[in-house]
Amino acid sequence: MKSIKKSLLYFAIGAWLASTLGPYIVMTLTSLTPQAELISPGASLFPRHPTLAAFRELISTTPFMHYLTNSLITALSTVVFSLIVASAAAISLSRFRFKGRSTVLTGLLIAQLFPSVLLVIALQSELRHMSLLDSKWGLVVVYTTFASPFATYLLKGFLDSVPRELDEASRIDGCSTWEMVRFVILPLLRPGLTAAGTYIFIYSWNEFLYALTFTASDSSRTVPVGLNMFIGDYQIRWDLLTAGGVFGA
């Protein structure tokens, strides 16, 4: 009986891994397949003549590396600014009591309910007035706006589990409010900051709608938009598309 349960467990884990990693494996195999072989009738999943030509062409003849750099700058900048805003908000909401606190919490929750597409026109108008259209920093502003509420909730929940007695002990030892935050709360908040930062990075790295709408040149396009450029009206460069997907992943 125990062996049957173990076999079922291994089967379930194997099925989960296959369903999760399968698309990445297919993408990698496709990126190693020559373009002529991809468009030939009866193309096989496994390339008959594996090649790195798609990767070389992607790097040497397309602006994909600019897209990759833009994504890194945008995602890392969003992580920094969002964590500053979210950690300050989370500490205030978790450790201090003030008028309108529950309203702020409700507002943060409601802000997550709006579909992203409904805000495109309003955000485009605001970015135009701030001269941030077709700019990496315009994307950073937008991504920080949308990532901060969830990160605030995440960090607040983490802080709520930290005993308040530590705050009181630090004040007894003579710490000011800023010193308490700097030397007591922030070190304890590092695991939460890591989790929130990971979420923010993944969100800003993968976001497509706003990046497509608010960028128009290679100097600001990110990886998702750059990959979309390989899908033309009459041809799809599957080799370049999947090679870029491997880089992005």
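The values are calculated or read from the model by the stated rules, or taken from the named source; none is laboratory data. Since the structure is predicted, the reported quantities are computational estimates derived from the model, not experimental observations. Reconstructed Cβ throughout: ideal geometry from the backbone, glycine too, with neighbour counts over all protein chains shown. Note: accessible area is taken over every heavy atom of the protein model, side chains too, but ligands, DNA and RNA are not part of it. Shrake-Rupley method; radii C 1.70, N 1.55, O 1.52, S 1.80 Å.
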Identify, by number, the condition in (1) under 12 Å from the mean Cα position of the chain (by Cα); (2) open to solvent by 40 Å² or more (accessible area, probe 1.4 Å); (3) of a type in the set (Gly, Ala, Ser) that Ala216 doesn't meet.
(1)
Given the criteria touching a Ser or Thr at 6+ places or on another chain (Cβ under 6 Å) and farther than 30 Å from Phe158 by Cβ, does Ala216 qualify?
no
When both residues are 6+ apart or on different chains and their Cβ atoms are under 9 Å apart, which pairs have a first residue that lies in region 48-64 and is more than 12 Å from Phe230 (Cβ to Cβ) and at pLDDT below 85, and a second that is surrounded by fewer than 18 Cβ atoms within 10 Å (Cβ to Cβ) and hydrophobic (A, V, I, L, M, F, W, C)?
Pro50/Leu29
Which residues, taken from region 38-68, are among the charged types (D, E, K, R) and crowded, with 16+ Cβ neighbours inside 10 Å?
Glu57
Restricting to region 145-174, name every residue that is farther than 22 Å from Val80 by Cα and either under 24 Å from the mean Cα position of the chain (by Cα) or open to solvent by less than 40 Å² (accessible area, probe 1.4 Å) (or both).
Val162, Asp167, Ser170
Identify, by number, the condition in (1) part of a helix (DSSP H, G or I); (2) within 24 Å of Val223 (Cβ to Cβ) that Leu166 doesn't meet.
(2)
Please go through (1) within 21 Å of Val85 (Cβ to Cβ); (2) open to solvent by 50 Å² or more (accessible area, probe 1.4 Å) for Ala196 and return the number of the only condition it doesn't satisfy.
(2)
Matching option when the condition is assigned to a helix (DSSP H, G or I), closer than 24 Å to Asp239 by Cβ and either of a type in the set (D, E, K, R) or open to solvent by less than 50 Å² (accessible area, probe 1.4 Å) (or both), among Ser82, Ser71:
Ser71
